[in-house]
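Just so it is clear, none of the values below were taken in a lab; they were calculated from the coordinates. On a predicted model such as this, the values are computed, not experimentally measured, just so you know. Glycine gets a Cβ as well: all are built from the backbone with ideal geometry, and neighbour counts include every protein chain shown.
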Amino acid sequence: VELANQIAAGEVVERPASIVKELVENALDANATQLTIDIDAGGAKRIRIRDNGSGIAHDELALALSRHATSKIADIDDLEAITSLGFRGEALASISSVSRLRLVSKPATQPEAWQAWAEGKDMQVRIEPASHPDGTTVDIQDVFYNTPARRKFLRTDKTEFSHIDEVIKRIALSRWDVDITVNHNGKRVRHYPAVREQQQAHLRRRLAKVCGSSFAQDALYFQQQTHDMQIEGWLAAPEQCRYQGDVQYSFVNGRMMKDKLINHAIRQAYESFLTAERVPTFAIYLKLPADQVDVNVHPAKHEVRFHQQRQVHDFILQTVKQLLFAHNQSQID
Ligand code: ADP
Ligand code: MG
């Protein structure tokens, strides 16, 4: 169990930002529409996420903190195999093993709230009554306090916070319907109000909050589909592109991905419109049938494997090329 704990924690918890990602994903799984994220000292001191989701019932609190799937793991080889298939179900237990974690929750159907935490060598779960509105708070303090080797790898508060900021931006761009507030060291640093109506003006307002107003104002919107693929999003016009394209977001079936194939296709589309050292800026959304794509290649990375790589690549390339060509024409006319 000790071995599995440590390895699993290493898989899930690279740094505070990976904790934030796991917790936010849990909240979204629970249909939360409102998230309040409190970070202290870049997350090293505290990460607290409150949501208004469905909550965790009293008799499931202990289970949520225990490694419910660990029994499947016999040895390291096994773990490797399971991980590569997208083995999950252990984020809270892993995080709890390398921090001081407290889980407080109240489902709407349950009159009172309860809190749970694990303690001691065997990570015995304790449960007590608590006070909490409908939803869940996960409060994590002192990340890696018991694993000094890992703690040493943490960078400055500013750097760690910027990683957290990135994670939240990606969520803000993929879940328009969720209201997100971020406080750092007690000060409100981000607020992404929910977008109630999927209209360009509303979407662009949120896009501006995440990607900056100059990109959001002038970005070219596009949408294209084939019989089984759909792509839409915003791209910087070539004349807008900077030397550093820090805004490069791609989402596959609603999940943020860092994908070489997508990036390559876009870069290639820009080739004849852009001088070599400039980098295209974009936020794009690709949808394709679930059986055409493997996500979760690695739980902590954002990789994706397309079954029909050529088709996906060319679809993006052609779509973006067309868009840029049309834009170029309109500039000339
Ligand atoms: P996984 O999400 O892979 O199931 P986790 O360790 O992240 O594993 O979470 C364990 C369980 O705790 C979840 O399956 C879910 O039932 C419950 N849970 C965790 N966070 C929340 C939350 N914010 N709201 C409701 N339930 C939650
Ligand atoms: Mg989870």
In whole Hz, the Karplus estimates of ³J(HN,Hα) for segment 177-183 (6.51, -1.76, 1.60; θ = phi - 60°; x where Gly or Pro) are 7, 9, 7, 10, 10, 10, 10
Once amide hydrogens are built 1.01 Å from N within the peptide plane, the residues lying 5 or more places from His302 or on another chain with amide H under 5 Å from its amide H are Lys258
Restricting to Cα pairs under 8 Å and 6 or more apart, the percent relative contact order of segment 200-332 works out to 25
per DSSP, antiparallel bridges as share of beta bridges in the chain, % nearest 5, sits at 85
Largest fluctuation, Ser214, Ser66, Ser54 only, Gaussian network model of the chain with Cα springs under 10 angstrom, belongs to Ser214
Measuring from the longest principal axis of the C-alpha atoms of the chain, the long axis of helix 309-332 (C-alpha) lies at a number of degrees, nearest 10, equal to 50
Note, Ile168: beta-carbon cut-off 10 Å, +1 each Lys/Arg, -1 each Asp/Glu, net +2
With a ≥ b ≥ c from the Cα gyration tensor eigenvalues, square-rooted, and the rule rounded for a/c under 1.5, otherwise prolate when a/b > b/c and oblate otherwise, segment 200-332 is prolate
Set Lys45/Lys187; Lys45/Lys121; Lys158/Lys260; Lys260/Lys287, cut-off 20 Å on Cα-Cα distance; pairs above it are Lys45/Lys121; Lys158/Lys260
Given backbone amide H placed at 1.01 Å from N, residues whose amide H is under 5 Å from that of Ala130, ignoring those fewer than 5 places away on the same chain, are Ala113, Trp114, Gln115
Dividing the mean separation of Cα pairs under 8 Å (6+ apart) by the residue count of segment 134-243 yields a relative contact order in percent of 12
In debye to the nearest 20, the charge dipole size for segment 177-257, taken about the Cα centre with +1 at each Lys and Arg Cβ and -1 at each Asp and Glu Cβ, equals 480
Computed over all unlike Cα pairs, the Kirkwood hydrodynamic radius of the chain in Å stands at 21.5
Sorted on mean Cβ neighbours within 10 Å (highest first), peptides 110-122, 132-144, 256-268 come out as 132-144, 256-268, 110-122
For segment 160-168, Karplus-derived ³J(HN,Hα) couplings (6.51, -1.76, 1.60; θ = phi - 60°; whole Hz; x for glycine and proline) come out as 4, 5, 5, 5, 4, 3, 4, 4, 6
In segment 164-295, taking the dipole from +1 charges on Lys and Arg beta carbons and -1 charges on Asp and Glu beta carbons about the Cα centre, the listed residue (Ser250, Leu288, Leu207) farthest towards the positive end is Leu207
When the charge dipole of the chain is computed with +1 at the Cβ of Lys and Arg and -1 at the Cβ of Asp and Glu, the Cα pointing farthest to the positive end, of Asn263, Tyr192, Pro16, is that of Tyr192
In debye to the nearest 20, the charge dipole size for the chain, taken about the Cα centre with +1 at each Lys and Arg Cβ and -1 at each Asp and Glu Cβ, equals 980
Expected sort for 219-227, 18-26, 205-213 on mean C-beta neighbours within 10 Å, highest first, is 18-26, 205-213, 219-227
Here the net charge surrounding Val182, from other residues whose Cβ is less than 9 Å away from its Cβ (Lys, Arg +1; Asp, Glu -1), is 0
